Amino acid sequence: MYNKVVLVGNLTRDVEVRYSGSGSAIGKVGIATSHKWKSQTGEQKEEVMFVELTFFGRTAEIANQYLRKGSKVLVDGRLVLEQWTAQDGSKRSRHSITVESMKMLDNKGDNQGGGYGGGGQSGGYNSQAQAPTQQAQAPQQQSQPAPAHQVPEIDIDEDEIPF
């Protein structure tokens, strides 16, 4: 059987991380996705769907570190049925997605105050240190694209990053 789900949407809250008895991280968060279409009468319709996501291991820690409420992400994983007994004794269940891979879709500067690219330097580079070099190369840089933002130093092995 094949069980694969791919979603793009915005997080409905910050990632909540807990640790299992063996020390493995488990992250929970919700995602909101939408679908727009025109009805037979030509009226614009929109359907919004809220889905729970579960991250495991290093992916949960990375999601907790870089994602915030409103962050746009692409996730793929598998559909699972969660079942539990509520405090009142009733049996409850819901479908959720166990995330196998994730891609952050926000621009590096979009997360204000602490996300990717949230450093205090304008444009992600030290403008004072590069000023003489920029003046010397000014005629050449007119035909070249603007310098890319630098990613801040973090303590993550490149093999662990899920994107």
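Read-outs throughout are calculated quantities, based only on the coordinates presented, and are distinct from any laboratory measurement. This is a predicted model, so every value here is computed, not measured. Backbone-built Cβ (ideal geometry, glycine too); neighbour counts: all protein chains shown.
DSSP loop (so not H, G, I, E, B), at most 12 other Cβ within 10 Å: list which trypsin sites (Lys or Arg not before Pro) in segment 1-109 pass both filters.
Values: sites: Lys4, Arg13, Arg18, Lys28, Lys36, Lys38, Lys45, Arg58, Arg68, Lys69, Lys72, Arg78, Lys91, Arg92, Arg94, Lys103, Lys108; in loops: Lys4, Arg13, Arg68, Lys69, Lys108.
Hits after loop and neighbour filter: Lys4, Arg13, Lys69.
Summarising the label geometry, the points placed 7 Å from Cα in the beta-carbon direction at Glu52 and Asp76 lie 2.5 nm from one another. The Cα atoms of segment 1-92 give a gyration tensor whose axes a ≥ b ≥ c have a/c of 1.5 or more with a/b greater than b/c, which makes the shape prolate.
So which GluC sites (Glu not before Pro) in segment 29-111 pass both tests, a DSSP loop state and at most 14 other Cβ atoms within 10 Å of the Cβ? Don't skip to the answer; put the middle values down first.
On the way: sites: Glu43, Glu46, Glu47, Glu52, Glu61, Glu82, Glu100; in loops: Glu43.
Taking segment 29-111 and a limit of 14 other Cβ atoms within 10 Å, the loop GluC sites (Glu not before Pro) found are Glu43.
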